[in-house]
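Encoded as structure tokens, the structure appears first; notes follow it.
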Amino acid sequence: MAGLFVICLAVFVGIFAYYLGNDSTPNADREIVEIMAARPGFKQMFLRVKKEKDISSTGFFKHLFFGAEDKYVYVPINSYKASADSVSVEKYIDEGIQEKRVYAMNDLAPKNYIESKTYWLGTDTFGRDILSRLLVGVRVSLAVGLITVLISLSIGIILGASAGYYGGRTDNIIMWFINVIWSMPTLLLVFGITLTLGKGFWQIFIAVGLTMWVGVARVVRGQVLALRELEYVQAAKALGLKNFRIIIRHILPNVLGPVIVIAAANFASAIIIEAGLSFLGVGIQPPTPSWGLMLKENYNFIITHRPALALAPGIAIMILVLAFNLLGNGLRDALDVRG
């Protein structure tokens with residue numbers, strides 16, 4: 001139940017990510033170089049200055065799914081003094097360095113032109129909010145897990161059920177193919193598929209999904225081999241029902257227990273593989289916020305004075321993977337009728 005709670009929380013955060021963080025721009029990619037590599041809990045005051053071009057308003061659902069482009073430039077400041085037609089500020093450049101600037105009132109946001117933000121997990125090397133990118137990055141991890149599980153279940157169930165039910169030459173051919181794929185290291189196989197399909201968002205989902213169906217196929221085959229000899233299957237054959245109907249209506253519903261457990265385990269494995277590929281530079285590409293990519297961008301800070309920049313995405317990966325493993329263990333106990 002703890003794992004299920006974390007997963008439900010992750011789904012909620014993934015859906016409303018752009019409304020929960022400081023940065024609601026697409027991919028949480030608001031770069032403010034003056035505050036790069038800031039410590040967790042860092043607070044900064046900003047002056048909101050109009051952009052040269054007008055930015056149209058974004059609807060609720062578009063903002064929900066894709067974020068909204070900033071209408072203003074966020075200028076970090078240490079202090080300000082407003083007059084009737086202008087605002088004088090001390091622009092923050094770096095620690096102990098500031099520059100005096102004057103902005104006309106017409107160039108600022110019509111209201112709330114001064115805004116203060118707290119960066120609870122700090123900022124990365126580009127001055128982007130770590131927490132906002134973590135929240136949006138949940139979507140990538142959940143999406144790669146979901147699509148991978150769908151692909152692996154589709155291929156694994158079809159091949160496993162066919163091999164177990166028909167047996168003979170069909171079983172031999174499918175098992176030979178399964179053993180060939182099984183003998184290849186998963187990461188190496190993902191590398192090969194990724195290089196073939198190219199780098200990108202959907203390519204990595206397909207690449208990971210095409211490598212994780214083997215375990216599903218082996219389990220389904222073993223279950224179907226045992227079920228096809230039972231009396232109710234023999235009775236269905238005696239009634240003249242088609243093989244396809246017997247497999248779909250009578251056999252597969254009885255193998256869903258083990259398949260669901262494997263699906264939960266594959267979900268966790270897919271998250272780790274995607275993070276590893278993104279860390280190596282062949283997975284999700286910038287500026288899309290992937291937890292593995294965030295690790296790659298900030299891992300050199302582990303041995304410096306800002307280890308939280310790399311620890312935050314690492315801990316997020318660990319918690320989400322642990323949640324799916326806990327859920328898988330719970331489902332295994334709940335669905336094991338012999339227990």
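Considering each of L326, L309, L320 in turn, give the residue that is assigned to a helix (DSSP H, G or I), in contact with an Asp or Glu (Cβ under 7 Å, 6 or more places away or on another chain) and assigned by TED's automatic domain parsing to the domain that holds L146.
On the way: L326 fails: in contact with an Asp or Glu (Cβ under 7 Å, 6 or more places away or on another chain); L320 fails: in contact with an Asp or Glu (Cβ under 7 Å, 6 or more places away or on another chain).
Every option except L309 fails the conditions.
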Tell me, please, whether a residue that is in a helix (DSSP H, G or I), within 20 Å of the chain's Cα centre (by Cα), touching a residue at least 12 places away in the same chain (Cβ under 8 Å) and closer than 21 Å to D23 by Cβ can be found in the stretch 284-291.
-> yes
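If you go through the stretch 1-37, how many residues are within 30 Å of S86 (Cα to Cα) and either part of a strand (DSSP E or B) or not acidic (D, E) (or both)? So that I can check it myself, show each step before the final result.
To start, the set of residues in the stretch 1-37 that are within 30 Å of S86 (Cα to Cα) comprises 22-25, 29-36.
Cutting the leftovers down to either part of a strand (DSSP E or B) or not acidic (D, E) (or both) gives us 22, 24-25, 30, 32-33, 35-36.
Of the residues in the stretch 1-37, 8 are within 30 Å of S86 (Cα to Cα) and either part of a strand (DSSP E or B) or not acidic (D, E) (or both).
Of everything in the stretch 192-210, what is farther than 18 Å from V180 by Cα and either free of Cβ contacts under 8 Å to residues at least 60 places away in the same chain or of a type outside the set (A, V, I, L, M, F, W, C) (or both)? Give them in sequence order.
Start the filter on the stretch 192-210 by keeping residues that are farther than 18 Å from V180 by Cα, which leaves 194-206.
Passing the criteria: T194, T196, L197, G198, K199, G200, W202, Q203, I206.
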Looking at (1) touching a residue at least 60 places away in the same chain (Cβ under 8 Å); (2) farther than 15 Å from D129 by Cβ; (3) under 18 Å from the mean Cα position of the chain (by Cα), which is the one condition that is false for V13?
-> (2)
Checked against (1) within 28 Å of A323 (Cα to Cα); (2) touching a residue at least 60 places away in the same chain (Cβ under 8 Å); (3) surrounded by 19 or more Cβ atoms within 10 Å (Cβ to Cβ), G164 satisfies every condition except (1)
Just one of (1) assigned to a loop (DSSP other than H, G, I, E, B); (2) surrounded by fewer than 19 Cβ atoms within 10 Å (Cβ to Cβ); (3) not charged (D, E, K, R) trips up M45, so point out which.
-> (1)
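Are there any helices (runs of 4 or more DSSP H) wholly within the stretch 186-231 with 3 or more residues that are of a type outside the set (V, I, T) and exposed (fewer than 15 other Cβ atoms within 10 Å of the Cβ), and if so which?
Values: elements: 186-197, 201-209, 214-227.
Fully inside the stretch 186-231 and qualifying: 186-197.
Yes or no, residue by residue, for (1) within 21 Å of the chain's Cα centre (by Cα); (2) assigned by TED's automatic domain parsing to the domain that holds I272; (3) modelled with pLDDT of 90 or more:
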{"residue": "T186", "(1), (2), (3)": "yes, yes, no"}
{"residue": "T211", "(1), (2), (3)": "yes, yes, no"}
{"residue": "R218", "(1), (2), (3)": "no, yes, yes"}
{"residue": "L239", "(1), (2), (3)": "no, yes, no"}
{"residue": "G257", "(1), (2), (3)": "no, yes, no"}
Breaking point among (1) part of a helix (DSSP H, G or I); (2) in contact (Cβ under 8 Å) with a residue 40 or more places away in the chain; (3) of a type in the set (D, E, K, R), for R249 = (2)
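Is it the case, given these coordinates, that A84 is hydrophobic (A, V, I, L, M, F, W, C), in contact (Cβ under 8 Å) with a residue 12 or more places away in the chain and outside the structural domain of N300 (by TED's automatic domain parsing)?
Working: hydrophobic (A, V, I, L, M, F, W, C): yes; in contact (Cβ under 8 Å) with a residue 12 or more places away in the chain: yes; outside the structural domain of N300 (by TED's automatic domain parsing): yes.
Yes, satisfied.
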Listed by first then second residue, the pairs whose first member lies in the stretch 211-232 and is aromatic (F, W, Y), whose partner is at pLDDT 85 or above, with beta carbons under 8 Å and at least 6 positions apart or on separate chains, are W213/I151; W213/S152; W213/L153; W213/S154; W213/I155; W213/G156; W213/L159; Y232/H250
Give the residue that is surrounded by the fewest Cβ atoms within 10 Å (Cβ to Cβ), with candidates limited to residues of the stretch 60-103 that are within 40 Å of the chain's Cα centre (by Cα) and among the small types (G, A, S).
-> G96
Among the residues of the stretch 104-118, which ones are surrounded by 12 or more Cβ atoms within 10 Å (Cβ to Cβ) and under 30 Å from P40 (Cβ atoms)?
-> L108, A109, Y113, I114, E115, K117, T118
H63 meets each of (1) of a type outside the set (G, A, S); (2) more than 29 Å from L322 (Cα to Cα); (3) in a helix (DSSP H, G or I); (4) touching a Gly at 6+ places or on another chain (Cβ under 7 Å) with one exception, condition (4)
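The values are calculated or read from the model by the stated rules, or taken from the named source; none is laboratory data. All values derive from a computational prediction rather than experimental measurement. Every residue, glycine among them, receives a Cβ derived from its backbone with ideal geometry; neighbour counts consider all protein chains shown.
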